[in-house]
C-alpha cells in the first residue's frame with residue numbers, strides 16, 4: 001500500500017500547494033517540471049502559458065489515511081482501556097490492604113473485560129514497552145503480567161476457560177503484596193534479611209486471600225502461590241521443583257521476570273528487552289520452564305525484528321535477523337548500511353530500543 005497515488009487533473013482545477021505526481025514534459029520531451037514539485041501560483045500560470053490541459057497530481061492514498069486513523073484510534077482505545085484497568089485495580093488493592101479481603105468478583109470482571117481486550121490488542125507489547133508508568137510499580141506490574149500471561153498463553157495454545165483463568169491468575173499473582181508493610185514494599189534500598197523474608201511470604205498471603213473462594217479454579221490459586229518457584233527447587237516459598245509446579249505458575253514466572261526487568265522500580269532502572277532476553281536465555285535451563293521460555297523468546301524475537309535501537313556508540317541500527325540460538329544478540333543494519341552480527345561483536349552493546 002503506497003503512501004501516495006497519482007491522479008490526472010485538469011490544469012484549470014489545479015491550485016497552489018498541490019504536488020506534481022509525474023514529470024511534466026514539453027513537446028520536445030524535455031522535463032518542464034520534475035515529480036515532487038509543489039505548485040505555486042506562478043508555476044500554475046506558467047503551466048497555463050505552456051498550453052497544457054492536464055497534469056498528474058500526487059495525492060495521499062486514502063487507504064493510507066484510513067489505516068493511520070485506524071492505528072491512532074486503536075492506540076487511543078488501548079491507552080483508555082489500560083488507564084481504566086489501572087484505576088480499578090488501584091481501588092481493589094486499596095480495599096484489600098484496608099479490609100484484608102480481596103474483591104475477587106471485581107477482579108474477575110476486570111480480567112474478562114478490559115484486560116481481555118488488551119490481551120487481544122494489536123501492538124500491545126509495543127505499548128507496554130513504551131508506556132510511561134506512574135509511581136505504583138505493583139499495580140502496573142500486576143496489570144502487565146496479566147496481559148502478557150494471556151499473550152504467552154495464546155502462543156502456547158491455551159484457549160477458552162483455561163486462558164481466562166490464566167489472565168486472572170496473572171492479575172492476582174501479587175495481591176499478597178497488598179498485605180505487606182508499605183515501607184518494605186516501597187523501600188528504595190536493598191532489603192534486609194528479615195525484610196526479604198517478609199517480602200518472600202507474599203505468594204502465601206495471596207493464596208490465603210483466594211483459598212476459601214470456591215468459584216476460583218485451583219489452577220488460579222496455584223499460579224498465585226507458585227509463581228516464584230523454580231524448576232531446580234531454588235525458588236520460594238515452598239521450594240517446589242519441576243513437575244510439582246503448575247503450568248500457570250511456569251507461564252507467570254517468565255512474564256514476571258520480563259516485565260520486572262523492563263520496568264522502572266524504586267531500586268532499579270529498567271533495561272532494554274534484549275538484556276531481558278539474555279537473562280531469560282540463561283535462566284531457561286534449570287530455573288524456568290525451557291519449553292515455555294523458548295516459545296516466548298522466539299515470538300519476542302520475531303516481534304523485535306525490524307525495530308530500531310541505539311548502539312552504545314550512538315549509531316542507530318535496525319534489527320534484521322536473529323539466529324536460532326542467540327535471541328539477545330541479533331544481526332543489525334546501521335544507518336550507513338553496515339551489517340553487524342552482535343553475536344560475533346561482543347564489544348558492541350545495545351543501549352536502548354528507540355522504535356518498538
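Read the figures in this text as sums done on the coordinates, not as results from a lab. All figures in this text were calculated on a predicted structure; none of them were measured in a lab. Counting neighbours? That spans all protein chains shown, and the Cβs are built from the backbone with ideal geometry, glycine included.
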What's the percent breakdown of Cα-Cα distances in the range 4-60 across 10 Å bins, shortest bin first?
25, 64, 12, 0
So what is Rg over Rh here for the range 65-270, counting just Cα atoms and using Kirkwood for Rh?
0.96
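In what order do 283, 197 fall by count of nearby beta-carbon atoms within 10 Å, going from fewest to most? Walk me through the numbers on the way to the answer.
On the way: 283 17, 197 12.
By the 10 Å Cβ count, ascending: 197, 283.
If each residue of separation counts as 0.36 nm, what is the full-extension length gain between residue 321 and residue 279 once their alpha-carbon separation is subtracted? Please report the intermediate quantities before stating the final value.
Numbers: separation 42, 0.36 × 42 = 15.12 nm, distance 1.94 nm.
That works out to 13.2 nm of additional length.
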So for each of 105-118, 214-227, 13-26 I average, over its residues, the number of other beta carbons within 10 Å; can you give me the resulting order with the highest mean first?
214-227, 105-118, 13-26
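Suppose we look only past 14 Å in the calculated P(r) of the range 305-355. What percent of the Cα-Cα pairs does that tail hold?
Values: 554 of 1275 pairs.
For the range 305-355, the share of Cα pairs beyond 14 Å comes to 43 percent.
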How tilted is helix 273-283 with respect to the longest principal axis of the chain? Cα atoms for both, answer in degrees (0 to 90, nearest 10).
40
Taking the simple approach of a point 7 Å from Cα along Cα-to-Cβ for both residue 241 and residue 162, what is their distance in nm?
2.6
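If the chain between residue 105 and residue 196 were fully stretched, how many nm would it gain, using 0.36 nm times the residue separation less the Cα-Cα distance?
On the way: separation 91, 0.36 × 91 = 32.76 nm, distance 3.10 nm.
Using 0.36 nm per residue and subtracting the Cα-Cα distance, I get 29.7 nm.
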Just to confirm the number: angle between the C-alpha axis of helix 247-261 and the first principal axis of the chain, 0 to 90 degrees, nearest 10?
60
Cα long-axis angle, helix 160-172 against the chain (0 to 90 degrees, to the nearest 10)
70
Cα principal axis extents for the range 197-342, largest first, Å
62, 32, 28
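Please list 257-264, 201-208, 153-160 highest first by mean number of surrounding beta-carbon atoms within 10 Å per residue.
Numbers: 257-264: 18.6, 201-208: 20.1, 153-160: 15.0.
Going by the mean number of other Cβ atoms within 10 Å, highest first, we get 201-208, 257-264, 153-160.
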Using eta = 0.890 mPa s and T = 25 °C, Stokes-Einstein with Kirkwood Rh from Cα pairs puts D for the chain, in µm² s⁻¹, at 104
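Order these by the 10 Å Cβ neighbour count, fewest first: 9, 293, 74. Could the numbers behind the result be given before it?
Values: 9 17, 293 24, 74 14.
In order of increasing Cβ crowding within 10 Å: 74, 9, 293.
Counting only helical runs of four or more DSSP H residues, what would the 222 nm mean residue ellipticity of the chain come to if each run contributes -39,500 (n - 2.57) and the total is spread over all its residues?
Values: 14 runs with 171 residues, N = 356.
Rounded to the nearest 500, it is -15000 deg cm²/dmol.
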Extension gain from residue 53 to residue 290, taking 0.36 nm per residue of separation minus the Cα-Cα distance:
78.4 nm
